[in-house]
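For reference, the structure is listed below as structure tokens.
The values are calculated or read from the model by the stated rules, or taken from the named source; none is laboratory data. These figures come from a predicted structure and were not determined experimentally. Note that each Cβ is placed from the backbone with ideal geometry, even for glycine, and that neighbours are counted across all protein chains shown.
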Amino acid sequence: MQWEVVIGLEIHAQLATQSKIFSAASTAYGAAPNSQACAVDLGLPGVLPVLNAEAVRMAAKFGLAIGATVAPRSIFARKNYFYPDLPKGYQISQFEHPVVGAGNVEIELEDGTRKIIGVTRAHLEEDAGKSLHEDFHGMTGIDLNRAGTPLLEIVSEPDMRCAKEAVAYMKKIHSLVRYLEICDGNMQEGSFRCDANVSVRIKGEEKLGTRSEIKNLNSFRFVERAINLEVERQIDLLENGASVVQETRLYDSEKHETRSMRSKEEAFDYRYFPDPDLLPLEISDTLLNEIRATLPELPDAKKARFVETYQLSFEEANQLTASRELAAYYEQVVASTGGHAKLCANWIVGTLMGALNKEGLDITTSRIDATALSSLIKRIADNTISGKIAKQVFDALWDGAADADSVIREKGLQQITDDSAIKAIVNDVVSNNPAQLEQYRSGKEKLFGFFVGQVMKATQGKANPAQVNALLKKALSA
């Protein structure tokens, strides 16, 4: 049978507030267990939640960025269920009236295909605590530091048809919340994670198949692997006459398997009702306009500007705008070099990103700042050093050197650009290799590279490559 995959994602972005959504307790990561859970987070008798205004602004900012309607009036509800790390016995969330309504984002796949993915809604809610299963002699420990941490749950339409589309969508949302500075996007710390709803149906059918939800996926690689695994499982069940059960599953990255966690609840199982301790949330047009004024240049707009202003390829612009910090770094380098946008892009996308990836760093922790890299690119642009020598200078900067000029001066790396000096070395190389000269002149033109190599060797790589090529062609054809 020809099967069609249907995927929707529920992304949980932890909002970058300093305090929790309904209390003044800190949201800082890494504190000792249970040291950042106050009476409100624990749901002790007599406490009252107070809504964090900054969380509201961040949610509205996201809504505006995806072209969604930000509700002038939304309601908080109690979502009732029992979990050991949910001390109140319910989670404060939003149900029928979320703060952000329908919007959409555009994704681009590796082959250049573009697709619009609908966003059903985005609502505010509090996070639960965390259950710790290791080092407790068979018991489970509960850390409530995360309880009450503000989350924006971003729910997509079931518009994705393969795992790669789901990853592209998740990456787009990840980039967007970081550009907006409403979430740090740290997946290792749980600041950005998703649940994937996966189902399959026979191609051409309108009715959706029975879905399974894969919980708490915290890396792009895991999202792709878990979805592909779940698709295979469901197709295998259906083709063997069995049926898919609606359930929640967990993905085990070490064993590369999904396993059943519990049957999937419906909305009525949670017995939603408006939280009696919280008034409806009202957002005025005045506040919305204030928030709109704080919107930065968004990734798609920045990408288009980079292509037009700096004459970059779409792929280069895509890479350089992957994060707000990387885009800012690039523009600072271009400004410091007085132009040379293409050369700057080549060195950042190629050499710098390669060095960062090798050591597991990102642009915010780069060992070479924008000023230092621009000092190197200036010397390449004015022919002080060749591209090959520039790699040596880059390595020195990576190891802590202050600027390119001092490295070039101390190591004597300045490029030889004197025509007469290069010509003398070219003539020596040609006369010292008569056999290769005869072969070259008899038609073995590939030996031109041999002569170039000999000249560069004699000059320790310092001769200007363009001048070497021009003078060699003259000498070899004389």
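Laid out as a table, the results:
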read-out: Residue satisfying all of: in the range 251-260; in contact with a helix residue (DSSP H, G or I) (Cβ under 9 Å, 6 or more places away or on another chain) and outside any loop (DSSP other than H, G, I, E, B); modelled with the highest pLDDT among these; value: Y251
read-out: Whichever residue in the range 185-212 is closer than 21 Å to G129 by Cβ and not hydrophobic (A, V, I, L, M, F, W, C) and, among such residues, is surrounded by the fewest Cβ atoms within 10 Å (Cβ to Cβ); value: Q188
read-out: Some residue of the range 134-149 being over 19 Å from the mean Cα position of the chain (by Cα), crowded, with 20+ Cβ neighbours inside 10 Å and basic (K, R); value: yes
read-out: Number of positions in the range 182-218 that are modelled with pLDDT under 95 and not in a strand (DSSP E or B); value: 18
read-out: Residues that are in contact with a Leu (Cβ under 7 Å, 6 or more places away or on another chain) and of a type outside the set (S, T, N, Q), drawn from the range 133-143; value: G141, D143
read-out: Some residue of the range 376-396 being under 30 Å from R324 (Cβ atoms) and touching a Pro at 6+ places or on another chain (Cβ under 9 Å); value: yes
read-out: Only listed residue being under 22 Å from K172 (Cα atoms) and in the same structural domain as L376 (by TED's automatic domain parsing), chosen from A341, A328; value: A328
read-out: In the range 313-335, residue surrounded by the most Cβ atoms within 10 Å (Cβ to Cβ) [restricted to those that are over 15 Å from the mean Cα position of the chain (by Cα) and modelled with pLDDT under 95]; value: E316
read-out: Any hit, the range 436-444, residues being in contact (Cβ under 8 Å) with a residue 12 or more places away in the chain, among the acidic types (D, E) and either within 30 Å of Y329 (Cα to Cα) or not in a loop (DSSP other than H, G, I, E, B) (or both); value: no
read-out: Residue satisfying condition, being surrounded by 13 or more Cβ atoms within 10 Å (Cβ to Cβ) and among the β-branched types (V, I, T), within set I107, I116; value: I107
read-out: Tally, over the range 51-70, of residues that are in contact with a Gly (Cβ under 6 Å, 6 or more places away or on another chain) and closer than 11 Å to P98 by Cα; value: 2
read-out: Conditions (1) more than 31 Å from the chain's Cα centre (by Cα); (2) surrounded by 11 or more Cβ atoms within 10 Å (Cβ to Cβ); (3) at pLDDT 85 or above: number failed by V231; value: (1)
read-out: Subset tally (residues that are aliphatic (A, V, I, L, M), assigned to a loop (DSSP other than H, G, I, E, B) and within 21 Å of I11 (Cβ to Cβ)) for the range 219-250; value: 0
read-out: Count - residues of the range 127-149 that are in a strand (DSSP E or B) and more than 18 Å from N218 (Cβ to Cβ); value: 2
read-out: Residue within the range 304-320 that is basic (K, R) and over 30 Å from A65 (Cβ atoms) present; value: no
read-out: Lone qualifier among K391, K342 - being of a type in the set (K, R) and farther than 22 Å from Q460 by Cα; value: K342
read-out: Condition check for A166: small (G, A, S), buried (at least 21 other Cβ atoms within 10 Å of the Cβ) and under 30 Å from L238 (Cβ atoms); value: yes
